[in-house]
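Q: The structure's right below; bear with me while I get my questions together.
The values are calculated or read from the model by the stated rules, or taken from the named source; none is laboratory data. Computed from a prediction, not measured in an experiment: that's the story for all the values here. Quick reminder, even Gly has a Cβ in these numbers, built from the backbone with ideal geometry, and neighbours come from all protein chains shown. Only protein heavy atoms, including side chains, enter the accessible area calculation; ligands, DNA and RNA are left aside. Shrake-Rupley method; radii C 1.70, N 1.55, O 1.52, S 1.80 Å.
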Amino acid sequence: LGGIALTLALIFLIKYAFEHELIPPAVRVGLGFVAGLALVAGGIQLTQRNYAVTGQTLSATGFVTLYAITFAAHAIYQFPAFSTLVSMIVMVLITAGAFILASAQRAHVIAILGVLGGFMTPVLLSTGQDNPVGLFTYIAVLDIGLFAIAIRRDWSYLALLGAIGTAVMQGAWFDKFYEPYKLTTLVTICCGFVALFGAGHAFMVRTVSKRGFALGAALVATL
């Protein structure tokens with residue numbers, strides 16, 4: 001409760017400062033990154049002192065803050081330093097940090113947040129141009145990372161969440177960009193992910209206990 005109260009207080013303070021133009025945009029972004037990193041670091045310290053719930057709450061809030069401030073710097077303030085590529089790299093690093101911390105602390109809430117942030121990154125930073133190679137290469141790398149954590153921590157549900165997220169991204173791409181002449185691209189994408197999740201399923205059933213989630217992931221990918 002204390003962690004949540006502190007988080008809300010910080011959010012309302014920043015919101016008030018922004019609405020009344022008390023802080024220039026560049027300083028807002030800088031303070032946002034400092035606040036996000038401080039929340040993650042503070043959460044790690046509290047978790048190490050056996051305050052796991054509060055610590056993981058603070059860390060999760062810190063990652064949300066980092067995602068939000070990166071998106072604001074790119075899309076709202078449009079700082080030249082935060083180009084689409086740079087912002088994508090920053091969000092990928094944030095997602096990787098969330099996965100690593102979730103695995104180290106066995107924190108499910110941080111892992112789920114990492115999944116959500118990972119799949120939202122290409123949506124938030126979309127340029128409106130079709131780039132299936134870049135998009136689905138990124139998604140494939142994200143899914144491989146999810147499989148790695150799922151196997152390491154026996155969190156098989158992450159594979160299922162990854163399959164659902166992948167299916168949603170494929171559907172969104174199909175709805176917005178597909179044309180008949182892109183049939184080869186579509187087939188390649190679908191077959192590639194079926195192979196990826198099929199291989200992941202085959203490996204997971206030998207190493208994790210909750211095989212139902214692994215099978216569900218394979219079925220979602222196939223559909």
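Q: Where in the chain are the DSSP H helices whose alpha-carbon span along the long axis reaches 24 Å or more and whose Kyte-Doolittle mean is at least 0.0? Don't skip to the answer; put the middle values down first.
A: Values: long enough: 2-19 (26 Å, 1.64); 25-48 (35 Å, 1.28); 52-71 (28 Å, 1.08); 84-105 (31 Å, 2.02); 132-153 (31 Å, 1.45); 157-177 (30 Å, 0.94); 183-204 (31 Å, 1.75).
Qualifying helices: 2-19, 25-48, 52-71, 84-105, 132-153, 157-177, 183-204.
Q: Another question, then. How do Ile76, Ile89, Ile23 rank by accessible surface area computed with a 1.4 Å probe, from largest to smallest? Please list the in-between numbers first.
A: On the way: Ile76 110, Ile89 90, Ile23 40 Å².
Per-residue accessible area, sorted high to low, gives Ile76, Ile89, Ile23.
Q: Another question about this same structure. Calculate what fraction, in whole %, of the accessible area of the chain sits on carbon and sulfur atoms when a 1.4 Å probe is rolled over the protein chains.
A: On the way: 8620 of 11960 Å².
Of the solvent-accessible surface of the chain, carbon and sulfur hold 72 percent.
Q: Can you tell me the relative contact order of the chain? Whole percent, Cα pairs under 8 Å, sequence separation 6 or more. Please report the intermediate quantities before stating the final value.
A: Working: 216 pairs, mean separation 31.1, N = 223.
This gives 14 percent for the chain.
Q: Report the extension gain between Val194 and Leu85 in nm, rounded to one decimal, defined as 0.36 nm multiplied by the number of residues separating them, less their alpha carbon distance.
A: On the way: separation 109, 0.36 × 109 = 39.24 nm, distance 2.80 nm.
Fully extending the segment from Val194 to Leu85 adds 36.4 nm.
Q: Then there is this: By average Cβ neighbour count within 10 Å, what is the ranking of 66-74, 101-109 from highest down?
A: Descending mean neighbour count gives 66-74, 101-109.
Q: Just check the chain against the gyration tensor rule for me: Cα atoms, a ≥ b ≥ c as the square roots of the eigenvalues, rounded for a/c under 1.5, and otherwise prolate or oblate depending on whether a/b exceeds b/c.
A: Working: a/c = 2.90, a/b = 1.30, b/c = 2.23.
Because a/c hits 1.5 or more and a/b fails to exceed b/c, the chain counts as oblate.
Q: May I ask you to compute the full-extension gain from Ala52 to Val141, defined as 0.36 nm times their residue separation minus their alpha-carbon distance, rounded to one decimal in nm? List each step's numbers first, then the result.
A: On the way: separation 89, 0.36 × 89 = 32.04 nm, distance 2.94 nm.
Additional length available on full extension: 29.1 nm.
Q: Still on this structure, I have one more. As a check on your grasp of the helix formula, calculate [θ] at 222 nm for the chain: sum -39500 (n - 2.57) over DSSP H runs of n ≥ 4, divide by the residue count, round to the nearest 500. All intermediate terms of the calculation are to be shown ahead of the outcome.
A: Working: 9 runs with 178 residues, N = 223.
My calculation for the chain gives -27500 deg cm²/dmol from helical runs alone.
Q: Okay, moving on. What accessible area per residue comes out for the range 36-126, rounded to a whole number of Å², with a 1.4 Å probe? Walk me through the intermediate numbers first.
A: Working: 4220 Å² over 91 residues.
About 46 Å² of surface per residue is accessible.
Q: If you don't mind, another one. Largest first and in whole Å, what are the equivalent-ellipsoid semi-axes of the range 75-193 based on the Cα gyration tensor, each being the root of 5 times an eigenvalue? Let's see the in-between values first.
A: On the way: eigenvalues 127, 83, 20 Å².
Each semi-axis is √(5λ); the values are 25, 20, 10 Å.
Q: Could you check the simple spin-label distance between Tyr178 and Asp154, using points 7 Å along Cα→Cβ, in nm with one decimal?
A: That separation, rounded to one decimal, is 4.0 nm.
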